[in-house]
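To start, the structure under review is shown below, and the notes come after it.
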Amino acid sequence: MEWRMPTNRRKVLAIALVLVFAASHDAQAQDVQRVDVREAGLVGHFYAASGASGRTGVLMLGGSEGGYPDEAAARDLARAGYPVLALAYFRDRGGDPPELEQKQLRKVPLEYIFKALDWLEARPEVRADRIALMGESRGAELALMIGSLRPDVAGVIAYSPQELRWGAVGGGDAAWTLHGTPLPYAEGVYNRATPMSQFTDILDGPADVHNAAAIEVEHVHGPVLLISSRADALSPSARMANDIEARLRANGFSYRVENVQYENASHLLMGFGPAPNPEDYTRR
C-alpha cells in the first residue's frame, strides 16, 4: 500500500489511528489527566480523559532513545478517548528517569512489560480485553514480541518495525530476557560507509541466524498495523515490514494486517503525532 506523506506532521498518526480503529472515541474529550506511575517497580505516565471508563487502552513503548515515550502523542491518544500507559523501560542518555533500575537497552526483562500490561488491564478507565501495543523502532520490536507472547494483547501498532530481535545497544549482548534467559538475537557489524549493511547482512545472510532471532509475529492474537518509510536511513524498516506481512500471511494469520509505507519520511515518521485509532487494530 502506497501513501504520500502528509505535509502536516500531526496527520501521520491521525491516518494510522483511523486505519487501526474504525470505531473512534470522542475526539473532543475533556481534560486529560496524567498520573505518574511508580508501582511494583513500574515507571511510566498514565494518561486518560476525565470520566473515561472501559475504553480501549494503549501501552506505548519508545525506542532506543530510552526514557518516556512522547508525551504529546500520549496526550493526543488520551484526548481521542484512548487511555495510555507511556512506559519507560530503560533510562535515556541523561539518566532519566533515575528511579528506573534498567539503565540500558541490554537484557531488558520482558516480565517488566508483562507487569505493565497487568497494571493497565486493572485500570477502570480501560477495558481489559481491548489493549493495543504501540511502539516505534526498537519499541516496535518489543511490541511485536510482547504481542506474540501475550494472548491478551488485542492488537499491535508498529512504527518502523523490526522483524528480528536485535542485540543490545552497544552490542555484545542480548537486548531482551525471558525468565532470566537472554533471548536469541542477531547482530550485524556497523560500517560507516554502508550503515544499512549491519541489517542487510543479517537479513540476506544464513537462514539459521535469521530464524533464531525472528519474532514469531504469527502468534499475535489481534490485528497488526505496520507503518514505515521507504526512505528510512536508519534501518530497512519498509523491507522488514514486508517480511513481517509475508510471514503473517504465510502462516494463515486470521486477523487484519495493514502495511502502510511512505516514500519520503524519516525513521521516526516525523514523530508519533496523533496516533492511529486504536479501535481498528484490536480484535473485536
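The values are calculated or read from the model by the stated rules, or taken from the named source; none is laboratory data. Nothing here was measured: the structure is a model prediction, and the numbers come from that model. Cβ placement follows ideal geometry from the backbone for every residue including glycine, while neighbour counts extend to all protein chains displayed.
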Open item on the list: Show the residue pairs meeting these rules: Cβ distance below 8 Å; 6+ apart or different chains; first residue within the range 161-183 and more than 13 Å from G63 (Cα to Cα) and part of a loop (DSSP other than H, G, I, E, B); second residue basic (K, R) and modelled with pLDDT of 95 or more.
Closed with: E163/R247; G170/R106; D173/R106; D173/K107; L183/R165
- [ ] Provide a single number: the residues in the range 68-116 that are of a type in the set (F, W, Y) and more than 17 Å from the chain's Cα centre (by Cα).
- [x] 0
Task: Residue check for R123: part of a loop (DSSP other than H, G, I, E, B) and within 20 Å of V84 (Cβ to Cβ) - done: yes
- [ ] Check the range 177-186 and report whether any residue there is modelled with pLDDT under 95 and among the hydroxyl-bearing types (S, T, Y).
- [x] no
Open item on the list: Consider the range 90-104. How many of its residues are touching a Phe, Trp or Tyr at 6+ places or on another chain (Cβ under 7 Å) and either crowded, with 24+ Cβ neighbours inside 10 Å or modelled with pLDDT under 95 (or both)?
Closed with: 0
TODO: Quick one: count up the residues across the range 185-236 that are under 17 Å from W166 (Cα atoms) and either buried (at least 16 other Cβ atoms within 10 Å of the Cβ) or not small (G, A, S) (or both).
DONE: 29
